[in-house]
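Asks: Just dropping this structure here.
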Amino acid sequence: MSQKGMSAYQPEREEVQPPELPLNRSKIPKVLGIIHLCFGGLAILSTGIGVFQNKKMSDELAVQFTAISGEGISIPAELIEKLRVIDFPVQMAGYIDLAISVLLIAAGIGLLKYFKWGRVATNVYAVGSLLAKCLSVYIWCVLATPFFEGFIEANSDFGIIGVSGFRGVMLASLFFSSVYPLVCLFLVNKKTVQRSLE
């Protein structure tokens with residue numbers, strides 16, 4: 001390059017890139033991370049106690065129903081036997097819920113630190129949680145149907161509710177508990193969140 005017309009103290013111009021602007025990170029991962037840790041901790045406490053006590057659902061309900069049997073509610077012994085079919089599935093669902101709760105805490109830590117795997121773990125948690133809800137629907141709306149039918153037959157006062165009423169209550173509670181996983185799936189897969197975690 002010609003040096004003509006240049007001062008001895010003037011350096012040659014170099015192509016200089018402008019400094020990169022700092023990434024404006026979304027606040028969603030941090031907020032979700034905190035909520036993950038809170039929900040995960042509560043879930044581990046509630047689920048873990050039930051899992052490690054290793055109590056059967058039929059035995060627990062037998063004790064509860066015996067306590068209220070003097071209040072006009074009849075629970076025949078053979079009716080409790082109809083609940084034995086859900087003991088193993090409920091126990092397995094408890095272990096699954098515990099694993100999902102641990103995954104939720106791990107996902108919360110990842111999101112708080114803006115790690116990309118925090119989004120992946122949140123997606124896995126959400127899908128796993130929704131599948132666990134489907135298992136619960138099968139247990140309480142299909143396997144437990146003989147028990148509910150026998151309960152209504154033995155207690156005519158509950159006939160107005162019917163089996164469909166019991167199923168409706170179960171479905172409503174499971175739907176309500178499915179809101180958070182669905183919200184997580186929506187939020188962590190937003191473009192702004194994905195860019196913040198890259």
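Asks: Determine, at each q value in 0.14, 0.15, 0.18 (inverse angstroms), the log₁₀ of I(q)/I(0) that the Debye formula gives when each Cα of the stretch 96-198 is one equal point scatterer.
Replies: -0.63, -0.68, -0.83
Asks: Going by amide H atoms built from the backbone, whose H comes under 5 Å of the H on Lys56, apart from near neighbours?
Replies: Those qualifying (amide H under 5 Å, at least 5 residues apart or on another chain) number zero.
Asks: Here's something else I'd like to know. Return the distance in nm (one decimal) between the two label points of a simple spin-label model at Asp87 and Leu130, each offset 7 Å from Cα along Cα→Cβ.
Replies: Each label point lies 7 Å from its Cα, and together they span 3.5 nm.
Asks: Okay, next question. Report the net charge of residues surrounding Pro146, where surrounding means a beta-carbon distance below 12 angstrom and charges are Lys +1, Arg +1, Asp -1, Glu -1. The partial results should precede the final answer.
Replies: Working: positive: Lys82, Arg84; negative: Glu78, Glu81, Glu149, Glu153.
Local net charge: -2.
Where a number appears in this text, it was derived from the coordinates with a stated rule and is not lab data. Just so you know, these numbers come straight off a predicted model, no measurement behind them. A quick note on method: Cβ atoms are made from the backbone with ideal geometry, for glycine too, and the neighbour counts reach across all protein chains shown.
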